Amino acid sequence: MEMKGLKKSHEQFQSSSDKLLDWDHPMYKLYEKAKKFGGWNPKDIDFSVDRENFAKASPKEQALIAQLVAMFGAGEEAVTLDFLPVMYTMANEGRLEDTIYLTTFLYEEAKHTEFFARWRQEVGLTEDLTKYHSDNYKKVFYEKLPEAMNALYTDNSPQAQIRALTTYHMVVEGMLAESGYHSFRLGFQASGLIPGIIAGIKNLSRDEGRHIGFGTYSIQRLIAQDPKLYDVFSQTMDDLLPYAIGLINDTLEITEGEHMYGVDWSQMTDYAVSQYTRREAAISRAMKHWDEYKEIEEDA
Ligand code: MN3
Ligand code: FE
């Protein structure tokens, strides 16, 4: 398998030239943020209350939590294992500041994977949770994500980059992970049932804001160079939307329409759609006003 356009030698090294590093580069700034905020350690989080409360919870409550953890754990593992081709692409294109930032990216996804595995270990939820991966979930995480990412190993075209970045950052992170964090907060923040998870989620979602920032910036950059790529972005979003919404609806079945923890869980679908619309709007704005959007849009 050979990638077209793979660099065989270096023409120069930026950091030993008169350019040094571009300290104002949006991705360099993101790297500084990651060094400051991304150093948290899952091992420092206390899961003793989670363990006690989980053991006492009703079977239905346990199933709701196990399902969220089963989807999140595998989701974090998938984004850890599947991210390398993007880093490979940025390095091959000689994007030094992007590559420097991305060294923190993969480290953070690895910690997110550790976080959920550690929680399961400490709470004693060690049975196989694969049964919670529905067909829609499998479509996104077992097929669509690795397919779009691994394509970059042999095809570094802007089209292939847009497909990979959109799948990973806009749908998996921007829509699904963000909705997952929202579910945890909605259901479990006030109840105090699983405070260790809530503490972890706070760190996770801050890391994720930077990750989505990288994705948004990179997609905007590519579309600014060739506006026709907006159609590739849009098609990728449309292709994944039914599975992403389907996946969220699958998870709601467990509540049987009941307002567990006083929450109307059906609002999760609306939340996911609003995240989808938000990502789409951020990219369309960049097309119309690229100059104003050169600076990275921090993800709230
Ligand atoms: Mn993550
Ligand atoms: Fe991420």
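Coordinate-derived values only; no laboratory data. Keep in mind that this is a model prediction, so the values were computed, not measured. For neighbour counting, all protein chains shown are included, and Cβ atoms are generated from backbone atoms with ideal geometry for every residue, glycine included.
Could you give the dipole magnitude of segment 1-152 about its Cα centre, charging the beta-carbon of Lys and Arg +1 and that of Asp and Glu -1, in debye to the nearest 20? Mind dumping the intermediate values first?
Working: 20 positive and 26 negative charges, 20 e Å.
It works out to roughly 100 debye.
Inter-label distance, Arg285 to Val273: 2.2 nm, where each label sits 7 Å from its Cα along the C-beta direction.
Based on Cα coordinates alone, diagonalise the gyration tensor for segment 66-223, multiply each eigenvalue by 5, take square roots, and list the semi-axes in whole Å, largest first. Provide the component values of the computation, followed by the final result.
Details: eigenvalues 164, 55, 37 Å².
Its equivalent ellipsoid spans semi-axes of 29, 17, 14 Å.
Across segment 249-254, computed HN-Hα scalar couplings (Karplus, 6.51 cos²θ - 1.76 cosθ + 1.60, θ = phi - 60°) run 4, 4, 5, 6, 4, 4 Hz from first to last residue, x flagging Gly and Pro. Assuming charge only on the beta carbon of Lys and Arg (+1) and of Asp and Glu (-1), the dipole of segment 181-285 about its Cα centre is about 700 debye to the nearest 20. Each of Thr277, Ser266, Thr251 was scored by the projection of its Cα onto the charge dipole of segment 193-295, and the greatest displacement toward the positive side belongs to Thr277; charges sit on the C-beta of Lys, Arg, Asp and Glu.
Could you work out the percent of alpha carbon pairs in segment 16-93 separated by over 16 Å, rounded to a whole number? Walk me through the intermediate numbers first.
Details: 2270 of 3003 pairs.
In whole percent, the share of Cα-Cα pairs in segment 16-93 beyond 16 Å is 76.
For segment 77-184, GluC sites (Glu not before Pro) are listed when DSSP marks them as loop and at most 16 other Cβ atoms sit within 10 Å of their Cβ; the list is Glu93, Glu127. The convex hull of the Cα atoms of the chain, projected and averaged over all directions, covers 16.4 nm². Taking Cα centre as origin and charging only the Cβ of basic (Lys, Arg, +1) and acidic (Asp, Glu, -1) residues, the dipole magnitude of the chain rounds to 400 debye. Cβ-to-Cβ counts within 10 Å put Ser234, Ser134 in ascending order as Ser234, Ser134, the fewest first. Candidates Tyr168, Tyr181, Tyr31 compared by Cα position along the dipole of the chain: farthest toward the positive end lies Tyr31, with charges placed on Cβ. With the cut-off at 19 Å, report for segment 216-293 the share of all Cα pairs above it, as a whole percent. The proportion of pairs with Cα distances above 19 Å equals 49 percent.
Work through the residues other than Phe37 whose Cβ is under 9 Å from its Cβ and net out their charges, Lys, Arg +1 and Asp, Glu -1. Local charge sum for Phe37: +4.
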